[in-house]
1. Determine if the stretch 78-89 includes at least one residue that is modelled with pLDDT of 95 or more and closer than 21 Å to Gly29 by Cβ.
2. Between residues in the stretch 60-87 that are closer than 13 Å to Pro44 by Cβ and residues that are surrounded by fewer than 16 Cβ atoms within 10 Å (Cβ to Cβ) and among the charged types (D, E, K, R), which pairs lie under 8 Å by C-beta distance while being six or more apart or on different chains?
3. Cβ-Cβ under 6 Å, sequence separation 6+ or interchain: first residue in the stretch 25-36 and at negative phi and touching a residue at least 12 places away in the same chain (Cβ under 8 Å), partner in a helix (DSSP H, G or I) and small (Gly, Ala, Ser). Which pairs?
4. In the stretch 1-35, what residues are acidic (Asp, Glu), surrounded by 10 or more Cβ atoms within 10 Å (Cβ to Cβ) and at pLDDT 75 or above?
5. Within the stretch 90-108, how many residues are among the β-branched types (Val, Ile, Thr) and touching a residue at least 24 places away in the same chain (Cβ under 8 Å)?
6. Any idea which residue in the stretch 35-61 is nearest to Leu80 (Cα to Cα), counting only those that are among the acidic types (Asp, Glu) and touching a helix residue (DSSP H, G or I) at 6+ places or on another chain (Cβ under 7 Å)?
7. Select from the stretch 14-34 the residues that are assigned to a loop (DSSP other than H, G, I, E, B), of a type in the set (D, E, K, R), touching a helix residue (DSSP H, G or I) at 6+ places or on another chain (Cβ under 8 Å) and over 14 Å from Leu60 (Cβ atoms) and list them in ascending order.
Amino acid sequence: MFSGQWLESGGKPIEIRDTTPEAFKVMIGFIYTEQLMLKDNDKPIDHIRDVLKLADRYQLKRLIQSLGQPLISLISMDKLEVLGQLAFTYQLDDLIAKLNIFIDENFQQLIQKPESVNENYDTID
């Protein structure tokens, strides 16, 4: 598509939809170097999610699996739900295992209701 005798390799720009330029650069970099070069930003989960969607679209299984490792470093109480969704959606087994450990270690804290939630419930006498 990008080189050779294909129609797309002509002088016209090739439009890749439903992604970000940063995610596309990560994908192309991984294809050529087998190295994961994620962009440093203030929303790493969003960036990794964009790369996961793109890698899934082009069926780049090694790229998908390699994205589990940076997600493991982001495990925290406030990111548990989104990381769990990504782990199960993209079958990131290492991330699932680490999430299970995190949940086991923090189970009591997870099952407690936050104070703000408790205030909204009426008691039944």
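The values are calculated or read from the model by the stated rules, or taken from the named source; none is laboratory data. Everything numeric here is computed off the predicted structure, so don't read it as measured data. Quick reminder, even Gly has a Cβ in these numbers, built from the backbone with ideal geometry, and neighbours come from all protein chains shown.
1. Checked against the condition, which is being modelled with pLDDT of 95 or more and closer than 21 Å to Gly29 by Cβ, the stretch 78-89 yields at least one hit.
2. Sorted first by the residue in the stretch 60-87, then by its partner, the pairs are Gln69/Asp94; Ile72/Asp94.
3. Correct list of pairs: Leu36/Ser66.
4. To start, the set of residues in the stretch 1-35 that are acidic (Asp, Glu) comprises 8, 15, 18, 22, 34.
In the following step, the residues that additionally are surrounded by 10 or more Cβ atoms within 10 Å (Cβ to Cβ) were identified as 8, 22, 34.
The answer is Glu22, Glu34.
5. Residues in the stretch 90-108 being among the β-branched types (Val, Ile, Thr) and touching a residue at least 24 places away in the same chain (Cβ under 8 Å): 0 in total.
6. Ranking the qualifying residues of the stretch 35-61, first place goes to Asp50.
7. Hit for the stretch 14-34 is Asp18, nothing else.
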